[in-house]
Amino acid sequence: MLSAVCLGGCGKETEPEIISIKIGVTLYDQYDTFLSGLMDHFNEYASEKESETGITIHVEAYNAASSQSAQNEQVEDMIQEGCNVICVNLVDRTDPATIIDLAERNNIPIIFFNRELVEEDLERWDQLYYVGAKAFESGIMQGELAVDAFREREGMDRNGDGILQYVVLEGEAGHQDAIVRTEYSVSTITQAGIPVEKLGNAIANWNRAQAQTKMSQMITQFGDAVELVLANNDDMALGAIDALKAAEVKRNEWPVVIGIDGTNVGMEAVRNGEMAGTVYNDKEGQAEEMLELAFDLSTGADLTSLQLENGKYIRLPYTKITAAEASEGMEDMDK
Ligand code: GAL
C-alpha cells in the first residue's frame with residue numbers, strides 16, 4: 001500500500017509519487033432522488049479535487065438496484081479492479097458482513113454512507129467508516145416546523161378541536177432515518193404542548209409514486225380530517241401533494257405538508273407554498289466529506305483534518321427550510 005503523497009520531491013526517493021486513485025461507489029438505488037443529487041455533487045467535487053491536487057480521481061459507480069447479493073458482488077469486482085477505497089450505500093443495513101469480510105481480507109477501506117450499520121458492525125475492523133447525517137435532528141426540526149405552522153396558520157386546526165390530526169408517510173421499514181424521523185417529529189410537537197391524534201401511517205419506501213397511492217387511500221378513508229402530513233422525505237411529501245391534486249381537493253383545504261431533504265423539487269414546492277417546509281439534508285456536505293475521507297485513505301494521508309467522531313464517524317447537521325430560506329438559500333444550497 002502507498003503510504004504517502006510525495007509531490008514535487010519530498011526527499012524520500014523510495015516512495016512512489018501518486019498520480020491517480022480509484023474510488024468505487026455502490027448505491028442501494030441510483031434512482032433515489034436524494035442519493036442521485038449526492039452522487040452528482042460527489043463527481044463534481046472529485047473534479048475540483050483533481051484540479052487542486054493534480055491527482056487523477058477515477059470514480060466507478062454501481063447501482064445495486066435493491067439487491068444485497070448484487071452489491072456484495074459489486075464490491076468484489078471493485079476490489080479486483082484495483083479500487084483504493086470503496087464507498088458503500090448498503091442495501092440492507094443489517095447485512096454488511098460479506099462486504100466487511102471482503103474488505104478486511106483484501107485490506108481495502110470501506111466508507112459506508114447514508115444507510116447506517118450498527119456500531120458493532122462498524123467496530124469489526126479498523127478500516128471501516130461511516131458518513132451520514134445527525135438523524136434525530138431531522139425529526140426534531142420537522143416537528144418544530146409543524147409547531148410553527150400550527151401557531152402561525154389560522155385554520156390549520158380545521159375542525160377547531162385543538163388537536164392536530166396527522167398522518168405519517170414513512171420511508172423503508174427498519175431504515176434508521178425513517179424510524180428516528182417518525183418518532184422525533186411527533187414527540188417534538190407533543191413536547192411543545194400541542195395535542196395530536198394519529199389518523200394513519202403508511203410505508204412508501206421514500207418513493208413519490210408509492211406515497212401518492214398511500215395518500216390517495218388515506219384521503220378516501222379520512223376525507224378532510226387530515227390536518228398535517230409528516231413525510232419522512234420530500235419525494236413522499238410530493239407524492240401526498242400529487243394525491244391531493246388528483247383527488248381535486250381545493251388548495252385552501254389541503255393539510256399542511258412537511259418533508260425532509262430539500263431536494264430541488266422539494267425546495268421548489270416550499271417556494272411555491274405547496275409544502276409548508278422541509279429540512280435540508282446536506283448532500284453537498286456529505287459528498288464532500290466522503291470524497292475527502294476517500295482521498296486521504298487512498299493517498300495514505302493522516303485523517304486529522306477530518307475530525308472523525310470516535311475515529312470512524314462523520315455526521316453532518318440538518319437545516320430547517322421555510323419559504324423564506326428556500327428562496328434565499330437557492331443560490332448556495334440548490335446548485
Ligand atoms: C435518507 C433520505 C431519503 C432517502 C434515504 C435512502 O437520508 O432522506 O430521501 O434518500 O436516505 O437511504
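The values are calculated or read from the model by the stated rules, or taken from the named source; none is laboratory data. Note that the structure is a prediction, hence the values are computed from the model and not measured. When we count neighbours, we look across all protein chains shown, and the Cβ atoms used for this are built from the backbone with ideal geometry, even at glycine. Accessible surface is based on the protein model in full, side chains and every heavy atom, while ligands, DNA and RNA are left aside. Shrake-Rupley method; radii C 1.70, N 1.55, O 1.52, S 1.80 Å.
Structure summary
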item: Peptides 56-65, 275-284 ordered by average Cβ neighbours within 10 Å, highest first; result: 275-284, 56-65
item: Added length on full extension, which subtracts the Cα-Cα distance from 0.36 nm per residue, residue 124 to residue 313; result: 66.6 nm
item: Cα-based shape type of segment 136-281, given that a ≥ b ≥ c are square roots of the gyration tensor eigenvalues and the cut on a/c is 1.5; result: rounded
item: Of all DSSP beta bridges in the chain, antiparallel share, percent nearest 5; result: 10
item: Low-density loop cleavage sites - trypsin sites (Lys or Arg not before Pro) in segment 133-226, where at most 15 other Cβ are within 10 Å (DSSP); result: 134, 153, 158
item: Fully extended contour minus Cα-Cα distance, from residue 77 to residue 265, at 0.36 nm per residue; result: 64.2 nm
item: Helical contribution to [θ] at 222 nm, DSSP H n ≥ 4, -39,500 (n - 2.57), averaged over the chain, rounded to 500; result: -13500 deg cm²/dmol
item: At R0 = 25 Å, FRET efficiency that the Cβ-Cβ distance of residue 61 and residue 148 yields, to 0.05; result: 0.05
item: GNM top mover of 299, 188, 53 - the chain, alpha-carbon springs below 10 Å; result: 53
item: Solvent exposure ordering (accessible area, 1.4 Å, most first) of 222, 295; result: 222, 295
item: For segment 256-328 versus segment 184-209, the gap between their alpha-carbon centres in whole angstrom; result: 22
item: Potential extension, residue 328-residue 213 segment - 0.36 nm per residue separation minus Cα distance; result: 38.1 nm
item: Most fluctuating residue given options 176, 210, 221, as computed from a GNM of the chain linking Cα atoms under 10 Å; result: 221
item: Stokes-Einstein D (µm²/s) once Rh is taken as the Kirkwood radius of the chain over alpha-carbon pairs, at 4 °C in 1.567 mPa s; result: 61
item: Estimated D of segment 91-206 in µm² per second, where Rh is the Kirkwood radius over Cα pairs and Stokes-Einstein applies at 10 °C, 1.306 mPa s; result: 96
